Amino acid sequence: YGSPQSEFASEVLMDELAEKMGIDPLELRYKNVYRPGDTTPSGCAPDVYSLPELIDKIRPLYKEALEKAKKESTGEKKRGVGVSIGVYGCGLDGPDSSESAVELTPDGITVYSSWEDHGQGADMGCLATAHEALRPMGIQPDKIKLVMNDTATTPNSGPAGGSRSQVVTGQAIRVGCEMLVNAMKKPGGGYRTYDEMVAEKIPLKYEGKWTASACTACDENAQGNPFPAYMYGVFLAEVEVDVKTGKTQVLKMTCGCDVGKIANKLVVDGQIYGGLVQGIGLALSEDFDDLKKHVSLVGCGLPYIKDAPDALSAIYVETPRENGPFGASGVGELPLTSPHASIINAIYNACGVRITRLPALPEKVLAGLKSA
């Protein structure tokens, strides 16, 4: 499990196997997902076993979608349904680590972090994690100030990649906050004020560091325990194929996902919906092969607003992660693990055309229809 390309190949293959075996494609996946006693391809145990529950939540929607597609298909517009599964690890291979700093000020708490934000909501990740860690003192969010990505004052939190930040940097923020909370505790109960801390000459600033110490980089045989946490998803795509033009329109996308305990649902929703729309582009229009032609965002086929359906849905299972801050896992790259594969599988379900090389441009689908 990992990259969108490997997920695409494996998830299309699962549908092909299901057809040859005469088994429903969702049920074939259900029989083969991780359960206690299984290991990942790298030989370690998964952190949680939530895929059976996720499929159970998707199943009634899947059956309803199949019935609807059957009823609403016409001679010119064929509707279909497809599914796929995605799994993604959080972190850099091996004992990934991060740092933060937390300081008590006269006005509240300041959290220093280099959790780089490129649209994923790093500020809310920092704020929500710090707020939870500071909850014993009753600190309100408006009393928590964030200083982010000013490398003159913020410690090295590592790169914002690999869906690692909420797990690894979140843990560093948790550690720093808990160090401050412990320093502010009074022997007889309650917490010291800023003035009391200064009067007692107790340090006001603490460096939080965390390392995924139980993780190991994979060896030459790809065996090891590379990630402290994983993300799991089941994707359901509903499409309509115009048999005259070969054009595919995605009507609805649903993602059943387990990203651990959710710190802020609105931010997580945004991550899931954004990834699903990226998956639509990856499935139907994005192409970067021709360096003379694909020189702009339009030329590369990025999806327009009109290509994204209004019907985007996320269904959550919140299984706490042992190695995530307050049970959280990552989010960012899960929604782009395999939504494109579910769309390709839905095209086949709709009109019998199997796309094996992305994107499923209208001319490819039309050629498949004509050769059938």
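If the condition is being closer than 19 Å to Val250 by Cβ and either hydroxyl-bearing (Ser, Thr, Tyr) or touching a strand residue (DSSP E or B) at 6+ places or on another chain (Cβ under 7 Å) (or both), then segment 286-308 contributes only Tyr304.
In the set (1) out of contact with any helix residue (DSSP H, G or I) (no Cβ under 7 Å at 6 or more places or on another chain); (2) in contact (Cβ under 8 Å) with a residue 12 or more places away in the chain, the condition left unmet by Ile305 is number (2). Could you tell me whether Thr151 is open to solvent by 20 Å² or more (accessible area, probe 1.4 Å), within 30 Å of Val12 (Cα to Cα), free of Cβ contacts under 8 Å to residues at least 60 places away in the same chain and outside any strand (DSSP E or B)? No, not satisfied. Does Met148 satisfy being in contact with a Phe, Trp or Tyr (Cβ under 8 Å, 6 or more places away or on another chain) and under 30 Å from Gly94 (Cα atoms)? Here the answer is yes, as Met148 does meet what is asked. Taking the criterion of being of a type in the set (Phe, Trp, Tyr) and either in contact with a Phe, Trp or Tyr (Cβ under 8 Å, 6 or more places away or on another chain) or part of a loop (DSSP other than H, G, I, E, B) (or both), would at least one residue in segment 316-339 satisfy it? No, that holds for no residue. Of the numbered criteria (1) open to solvent by 70 Å² or more (accessible area, probe 1.4 Å); (2) outside any loop (DSSP other than H, G, I, E, B), the one Gly188 fails is (2).
A quick yes/no check of all residues on (1) free of Cβ contacts under 8 Å to residues at least 60 places away in the same chain; (2) open to solvent by less than 10 Å² (accessible area, probe 1.4 Å); (3) assigned to a loop (DSSP other than H, G, I, E, B):
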residue	(1), (2), (3)
Val239	no, yes, no
Gly246	no, yes, yes
Cys257	no, yes, no
Ile262	no, no, yes
Gly270	no, no, no
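Among the residues of segment 331-348, write down those that are under 15 Å from Ala9 (Cα atoms) and open to solvent by 10 Å² or more (accessible area, probe 1.4 Å). Result: Leu336, Tyr348. Can you name every residue in segment 129-141 that is in contact (Cβ under 8 Å) with a residue 24 or more places away in the chain, assigned to a helix (DSSP H, G or I) and over 18 Å from the mean Cα position of the chain (by Cα)? The answer is Ala130, Glu132, Ala133, Pro136, Met137.
The values are calculated or read from the model by the stated rules, or taken from the named source; none is laboratory data. A quick note: this is a predicted structure, and the numbers were derived from the prediction, not measured. Every residue, glycine as well, gets a Cβ built from its backbone with ideal geometry; the counts of neighbours run over all protein chains shown. The area values use the complete protein model at the heavy-atom level, side chains included, leaving out ligands, DNA and RNA. Shrake-Rupley method; radii C 1.70, N 1.55, O 1.52, S 1.80 Å.
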